[in-house]
Amino acid sequence: MSEFDPNPPRRNFYGRRHGKTLRQSQKGYLSEDLGTLRPRGITVQDNPERAPVEPRTIFGDDRPVWLEVGFGGGEHMVHMAARYPEVGVIGCEPFINGVAMLLGKIRAAGVENVSVHPGDARDLMDVFPENSVDKAFLNYPDPWPKARHHRRRFVTPEHLIPLARVMKPGAEFRVASDIPDYIRQTREEVPPAGFDLIHDSAEPWDDWLSTRYEQKALREGRVPHYVTFRRKG
Ligand SMILES: C[S@@+](CC[C@H](N)C(=O)[O-])C[C@H]1O[C@@H](n2cnc3c(N)ncnc32)[C@H](O)[C@@H]1O
């Protein structure tokens, strides 16, 4: 598994990297598919100098590049890749069971315009040049409900400033969550990082596909909320 352990040791990651034992088929997806689907030069091991990696080169042409942070089981990422074949969708997820689920869905859908970093979004943001990402998605980020853990949330300057740097002026950043206090912090912290709030709604985007976490939230009676920002400039 060390081959799939891309997180730089200097970085705190508070989530889970491993869950229940992987099925044999999932082990197969990881060993057979991840090698070709993962972008090169992203991990510290691969690129200790942190030389820039232009995300467009991952797809070998000039297509727009979208970034999904924490794709979970990958349903939204595969849906977007299938719906927008002219785009390249890069997803990242440190939870290896989620990566294995995504790889199964990629096989089933037959999408080819995807790239999978089995690690932290910050690894990608470290090496992508500024103005290189055309859209970003943060779906149901880890809520960190305790007040003393709110600084671990993705919507903090540690993540938002690097995200703003790599996003193109005018690029859209979408956040979905079912946690009112997460939405509060999103509204407060995203604009100062360099974004304008352009939409704030209980209605999902037209091209939204409900994720596993959203389904769980709905079953448990929580209410989803969808916020859209645009990178200034
Ligand atoms: C609550 S889950 C939601 C998963 C999925 N987006 C969904 O809606 O079903 C949040 C995911 O974000 C991932 N995550 C947390 N911090 C991350 C980071 N810094 N970079 C990439 N993914 C991260 C976690 O591993 C977890 O799988």
Across the range 58-67, which residue is nearest to Asn131 (Cα to Cα) among those that are surrounded by fewer than 16 Cβ atoms within 10 Å (Cβ to Cβ) and either at pLDDT 95 or above or of a type in the set (D, E, K, R) (or both)? Asp62
Exactly one of these conditions fails for His150: (1) within 15 Å of the ligand (Cβ to nearest atom); (2) within 18 Å of the chain's Cα centre (by Cα). Give me its number. (2)
For the range 185-231, give me each residue that is of a type in the set (D, E, K, R), surrounded by 14 or more Cβ atoms within 10 Å (Cβ to Cβ) and not in a strand (DSSP E or B). Arg187, Glu189, Arg212, Glu214, Arg222
Candidate set: the range 71-104, residues that are of a type in the set (Asp, Glu) and over 17 Å from Ala136 (Cβ atoms); chosen: the one farthest from the ligand (Cβ to nearest atom): Glu86
With (1) outside any helix (DSSP H, G or I); (2) within 13 Å of Thr228 (Cβ to Cβ); (3) more than 15 Å from the ligand (Cβ to nearest atom) as the list, and Pro169 as the residue in question, which single condition is left unmet? (2)
Taking the range 179-214 on its own, how many of its residues are without any contact (Cβ under 8 Å) to a residue 12 or more places away in the chain and acidic (Asp, Glu)? 2
Residue that is among the charged types (D, E, K, R) and modelled with pLDDT under 95, where the choices are Arg219, Arg212: Arg212
Pro55, sole failed condition from (1) more than 25 Å from Lys27 (Cβ to Cβ); (2) touching an Asp or Glu at 6+ places or on another chain (Cβ under 8 Å); (3) crowded, with 21+ Cβ neighbours inside 10 Å: (2)
Picking from Gly19, Gly70, the residue that is small (Gly, Ala, Ser) and either modelled with pLDDT of 95 or more or within 20 Å of Met125 (Cβ to Cβ) (or both) would be Gly70
Since Ile42 meets every condition but one in (1) in contact with an Asp or Glu (Cβ under 6 Å, 6 or more places away or on another chain); (2) modelled with pLDDT under 95, which condition does it not meet? (2)
Is there a residue in the range 11-33 that is within 16 Å of the ligand (Cβ to nearest atom), basic (Lys, Arg) and under 30 Å from Asp207 (Cα atoms)? yes
List the strands (runs of 3 or more DSSP E) that sit entirely inside the range 76-144 and contain at least 1 residues that are surrounded by fewer than 21 Cβ atoms within 10 Å (Cβ to Cβ). 133-139
Test Leu34 against the stated conditions and say whether it is assigned to a helix (DSSP H, G or I), closer than 22 Å to Lys135 by Cα and either in contact with a helix residue (DSSP H, G or I) (Cβ under 7 Å, 6 or more places away or on another chain) or of a type in the set (Ser, Thr, Tyr) (or both). no
How about the range 43-70: which of its residues are aliphatic (A, V, I, L, M) and within 16 Å of the ligand (Cβ to nearest atom)? Val44, Leu67, Val69
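The values are calculated or read from the model by the stated rules, or taken from the named source; none is laboratory data. For clarity, every value in this text was computed on a predicted model and none was experimentally measured. All Cβ positions, glycine included, derive from the backbone under ideal geometry; neighbour counts span all protein chains shown.
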